[in-house]
Amino acid sequence: MSLLVGSRYVVIAQGRKSIFSRILGAAFFTAMIYCIGKMIYAYLNFPYINIMYLYGAAFFLVFGFFLTATSNFVFDFKRHRFREEMQISIFKFGWWEPLPNLEYISVFKQSEGVYVLKIYISKNDAYTVGVFKDAESGLIAGKAVAKKLEIDLWDASDPHNGKWL
C-alpha cells in the first residue's frame, strides 16, 4: 500500500498485483482477443456464430480483469468527494461520490497473519483500505493514513486489548 499526496488529492493505492497474476491476466486477455477473432472469422465466412467463442471471450474478459485489476481510494478534499477506482494498466474506472464524514481508521486482526486496515464512516459502514501480514506494517500504514486524513486510529491488532493511537 502506498500513500500519494498531491496538491489536491490523497490517493491510497493498494499496490501492484504479483507478476504471476499479471502474466496470467495478460494470457487471459490474449485468449479473449483470439476468441473474438475466431468469432468474427466464422461470421464472415459462414452464416452463423459459434456461441462458444462468445462464452469464451466473456469468460477470459472477466477472469483477466479479476487477475489484473487493483483498487485505489482517491480523496478530493477541496471538492468534498471521494472514489474507489479500479485500475487495469493505465485505465481507471470509478465514480465520484460525496465525501462522508470520516469517523476513524482501524487496524484489526482478522485471522492468524491477516491484519485489515479499514476507514469507518459510521460504526457499521467501512471501506477496506489494505490487508497486511503483520500488525507492525498495518499500524505503520494506519498511522500514515490517519495523519494525512486527520482522523483517529483504533489499534485492534490485539483483539482483547484495543486502544486509540
Checklist entry - How much length is gained if the chain between I51 and E136 is pulled fully straight, taking 0.36 nm per residue apart and subtracting their Cα-Cα distance, in nm to one decimal? => result 25.5 nm
Next on the checklist: Run the simple label-point estimate for L24 and N101 please: 7 Å along Cα→C-beta, distance reported in nm.
Outcome noted: 4.4 nm
Checklist entry - Where the only charges are on Cβ atoms (+1 Lys, Arg; -1 Asp, Glu), what is the dipole of the chain about its Cα centre, to the nearest 20 debye? => result 460 debye
Item to check | DSSP-loop trypsin sites (Lys or Arg not before Pro) across segment 66-133, with at most 16 other Cβ within 10 angstrom | outcome: K78, R79, K123, K133
Item to check | Debye, to nearest 20: dipole size of segment 1-99, +1 on Lys, Arg Cβ, -1 on Asp, Glu Cβ | outcome: 260 debye
Checklist entry - Applying the Karplus parametrisation 6.51 cos²θ - 1.76 cosθ + 1.60 with θ = phi - 60° to the phi angles of segment 28-41, what ³J(HN,Hα) value in whole Hz is obtained for each residue in order, glycine and proline being reported as x? => result 5, 5, 5, 5, 5, 5, 4, 4, 5, x, 5, 5, 5, 4
Item to check | Dipole of the chain, positive direction: furthest Cα of Y127, T70, Y41, with charges on the beta-carbon | outcome: Y41
Item to check | Neighbour-count ranking [beta-carbon atoms within 10 angstrom, fewest first] of M39, M52 | outcome: M52, M39
Checklist entry - Quick one: putting +1 on the C-beta of Lys and Arg, -1 on the C-beta of Asp and Glu, what dipole do you get for segment 100-165 around its Cα centre, in Debye to the nearest 20? => result 100 debye
Item to check | the chain: most fluctuating residue of N45, N101, N72 per GNM, C-alpha cutoff 10 Å | outcome: N45
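Values quoted throughout were computed directly from the atomic coordinates according to the rules given, and no laboratory measurement underlies them. On a predicted model such as this, the values are computed, not experimentally measured, just so you know. Ideal geometry is used to build each Cβ from the backbone, glycine not excepted, and the neighbour counts take in all protein chains shown.
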